[in-house]
Every structure is written in structure tokens, then in C-alpha cells.
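For reference, the structure discussed in these notes is given below.
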Amino acid sequence: MSWLGYRRPDGSAGARNHILILPGGLVGSKICEFVRGTVTLVTAETGHARTTRDRRRAGNFLINLGKSPNVAAVIVQGSAAGGYYAELNLERIAHEISTTGKPVALLTADKCGGTLGLLAKGIEVAREMAWQASRLKREPVEDGRLSLGVKCGNSDATSGLVGNGVVGYVFDKLVAAGGVAMFAENTEIIGAEHVLAERAVSPEVARAILASAQKMEERGRVAGEDIRTINPVPSNFAGGISSLEEKSLGAIHKAGTHPVQGVLEYGERPPRPGLYYVDNNANTFHMFSSFSSAGSQIGLFQLGGAGVPEGGFLDTSRGIVSPMLWLTGNRVTAQRAANSIDFSSASVLGGTETMEEAGQRLYDLILEIASGAVTKVETINHVDPFAIYYEDPIF
């Protein structure tokens with residue numbers, strides 16, 4: 001099977017054709033207000049008061065986000081090229097992104113006559129980049145060039161029974177075709193980490209999976225809490241989930257049945273095709289920005305039913321450069337959140353469709369979205385505040 005994508009110089013293929021402004025903040029946001037086709041992070045990240053490890057994580061995240069196949073060109077901007085920590089040095093970020101062969105411009109206020117000059121120059125360069133990018137044509141691309149990331153939210157009984165299993169079917173099909181599939185949430189493998197570890201391709205990967213769960217357990221103990229008093233959340237209990245272990249066993253159905261090739265850190269890119277676990281927490285923005293930085297062209301948000309308001313949600317595509325495709329296995333959620341939900345597998349519980357049939361229907365929809373059809377939340381012109389998933393305290 002194939003989809004229509006934008007072929008990039010590094011051999012990847014994009015489902016979208018964005019001009020990305022890094023690292024964000026005032027200038028980036030104003031450029032995006034002026035120039036159609038541009039995207040940016042709402043909040044700038046300077047690395048101040050962060051540990052070396054966290055600064056390295058932030059710098060790698062920005063670089064890999066710029067390398068996303070959904071990005072046609074990048075503007076790296078800031079006050080002065082030399083005024084940053086080494087891990088967030090603007091010249092380094094621009095150089096690393098440029099190795100993909102895509103256009104990259106480095107603009108700084110000290111070379112543009114101050115912040116207003118930087119803004120004016122940024123608008124000028126972004127307009128030219130957007131104009132050039134609009135000339136690129138979509139071409140047939142095999143589905144093995146696709147990368148997907150998934151997170152579940154508002155989990156209820158239908159999540160583990162149907163919704164996550166349908167995603168698992170899609171992941172199995174994608175991995176078999178040579179693509180990349182990523183799942184995450186280190187708080188929601190606890191109690192099921194041994195099941196995932198048994199699927200690891202090596203003892204090293206198995207140990208990394210177990211360590212991810214143990215780390216979150218320990219964080220709770222350090223704070224004087226059992227993590228099971230924090231997760232599941234009240235809406236999960238309202239949706240019929242009785243324990244964290246039950247929630248985790250349902251959550252890992254998203255991962256399908258293929259071997260786990262590795263454990264990725266936040267924003268790390270997978271070294272080869274296959275199924276990957278991302279050591280990341282339950283914050284939705286953390287998840288989808290991490291998937292985008294890791295090369296995911298589309299993010300899947302599998303929704304349960306607990307806590308879904310009448311009239312649904314109006315959340316945005318939190319992956320920055322990658323559209324979010326909203327899914328559910330809950331019939332009531334599909335009705336309540338019809339303004340956000342793109343796909344429902346409630347028919348499986350209703351007995352009118354098999355898990356495999358629903359999975360194939362979702363797979364076909366994903367290829368359609370990858371080829372240019374927009375998701376419902378993608379139609380909203382808003383970006384949520386940005387937060388990198390840090391592990392160390394602020395000093």
C-alpha cells in the first residue's frame with residue numbers, strides 16, 4: 001500500500017509541508033501570525049537553571065523536531081548565535097538540521113538590528129521559504145516510510161477491550177511493512193512492564209523497559225506517595241478501571257504484538273524501523289511533541305470515555321508539526337466528542353465489525369491523513385504552551 005507524501009532530500013517523506021521557526025517565543029509566534037504555512041513552539045527554551053543532561057535533551061529535541069519529515073524548511077532564530085549554552089547553541093542546532101538537506105536559515109537579533117529587525121527579516125525569509133515549499137508536489141510513497149506515535153487518554157473499559165487493540169492491529173501492520181511505531185507513558189506500563197520486557201529483542205532492551213517503570217515507582221516513593229494513589233485518576237475509576245495494573249495491561253494493547261526494538265528517550269529518533277517504547281510521562285503535550293521529534297508524521301490519540309464532556313473537546317494538534325488523529329472505542333464518546341473524533345471502533349463492541357476490520361479501516365484512514373486530508377483538531381488554528389519533558393530539578 002502507499003500514500004502521497006513530500007519526499008525530502010534525506011530519503012524521508014512528509015505528510016505535511018511546514019516551515020518551522022525555532023526555538024519559539026515572541027519572534028517565532030509573530031512570524032507565524034504573518035506568514036501562512038509556518039509553525040512554532042509557543043514558549044522559548046533557553047536552558048537557564050537546567051542541568052547539563054536536561055539542556056542536552058532540549059537541544060536534541062529542537063534539532064530532531066527540525067529534522068521531522070513534515071518540515072520543509074527551518075528558521076533558527078535568537079538574540080545572538082553565541083549567547084546560549086553549548087547544548088542549545090543556535091549554530092549547532094542550525095547545522096545539525098541542515099544535514100538533512102532541507103533549507104535552514106540562522107537569524108539573530110545582533111545581526112538584524114535588534115528584535116524588531118529580526119522579526120522583519122524572519123517574516124521575509126519565512127515568506128520565501130513558504131513560497132518555495134508550496135511548489136513541492138506529493139508523490140506516491142510506500143507505507144513503510146510512515147512513522148506513528150500513540151497515546152491513550154481518558155481511559156475506560158473500552159480502551160483496553162477495543163480502542164487500544166485496534167491501534168495494536170495498525171502497529172502490527174505498519175511494522176510488518178517496514179515502518180516505525182512508537183508508544184509511551186512510563187506511568188502506564190507499571191504492572192505490565194514484565195509483559196513488555198518479555199517482548200524485548202535483547203536483554204538490554206528488557207532491562208531498560210523494567211528500569212523505566214521502576215524509576216517512576218521510585219519517584220512516587222521519594223515524594224512520599226504510592227504512585228497507585230495518583231494513577232489511575234478519578235475519571236479512570238469512573239470509566240470502570242479498578243487499578244493501575246489493570247489500566248497498564250489495557251494500555252499496552254496499543255503496542256500490538258511485534259518485538260520491542262528499543263527504549264527511546266524524549267525526542268530521540270529510532271535508529272531503525274520497528275516498534276519502540278518511549279520513556280515519557282503522561283502529559284499529552286510531552287507525548288506528541290516527543291513523537292514528532294522522533295520523526296512521527298501522525299500522532300494517534302486513543303480516547304476512552306471517562307470525563308468526556310457533552311460537546312466534546314476543542315484541543316489542538318499538540319505534536320507541533322504532526323497532526324493528531326483522535327480515536328475512540330466508546331460509542332458515547334464518539335457522539336459527545338464528534339467535533340474532535342475522526343475514527344470510532346465502537347462497532348467492534350457492538351458486534352457489527354471485527355477487530356481486524358476496524359483496524360484495516362483505521363489503517364486506510366491513516367494513509368488518507370498522511371496523503372493530505374486534515375484531522376478535525378488540525379482545523380483549529382492554535383498551539384498549546386510548550387513544555388519539554390525534563391527529569392532533573394530546576395536550579
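Where a number appears in this text, it was derived from the coordinates with a stated rule and is not lab data. Here the structure is a predicted model, which is why all the values come from computation and not from measurement. No Cβ is skipped: glycine too gets one built from the backbone with ideal geometry, and neighbour counts run over all protein chains shown.
Details
- Here's the picture: a label point sits 7 Å out from the Cα of Glu128 along the beta-carbon direction, and within the stretch 32-60 the residues with their amide nitrogen under 19 Å of it are 32, 34-39.
- Measuring r between the beta carbons of Ser371 and Ala176 and using R0 = 25 Å, the FRET efficiency lands at 0.75.
- The stretch 248-291 and the stretch 66-80: distance between their alpha carbon centers, rounded to Å: 24 Å
- Residue pairs exceeding 23 angstrom between C-alpha atoms, taken from Lys173/Lys215; Lys137/Lys173; Lys30/Lys137; Lys151/Lys215; Lys151/Lys173; Lys30/Lys121: Lys173/Lys215; Lys137/Lys173; Lys30/Lys137.
- Cα-based Kirkwood hydrodynamic radius, the stretch 18-135, one decimal, Å: 14.0 Å
- Estimated [θ] at 222 nm from DSSP helical runs (n ≥ 4, -39500 (n - 2.57)) normalised by residues in the chain, nearest 500: -11000 deg cm²/dmol
- Cβ-derived FRET efficiency at R0 30 Å, Ile394 paired with Arg207, nearest 0.05: 0.50
- Evaluated with a Cβ-only charge set (Lys, Arg +1; Asp, Glu -1), the chain carries a dipole of roughly 1100 debye about its Cα centre, given to the nearest 20.
- Here's the list of aspartates and glutamates a cross-link from Lys247 could span, going by alpha-carbon distance under 14 Å and ignoring same-chain residues fewer than 8 apart: Asp156, Glu185, Glu188, Glu193.
- Spatial separation of Cα centroids for the stretch 138-172 and the stretch 372-390, in angstrom: 18 Å
- For peptides 147-158, 5-16, 202-213, sequence by mean Cβ density within 10 Å, most packed first: 147-158, 5-16, 202-213
- Between Glu139 and Asp110, the simple label model (points 7 Å from Cα in the Cβ direction) yields a spacing of 4.1 nm.
- Counting only Cα atoms, the size of the stretch 142-379 along its three principal axes is 43, 41, 33 Å, in decreasing order.
- Segment Thr352-Leu26, extension gain: residue separation times 0.36 nm, minus the distance between their alpha carbons: 112.3 nm
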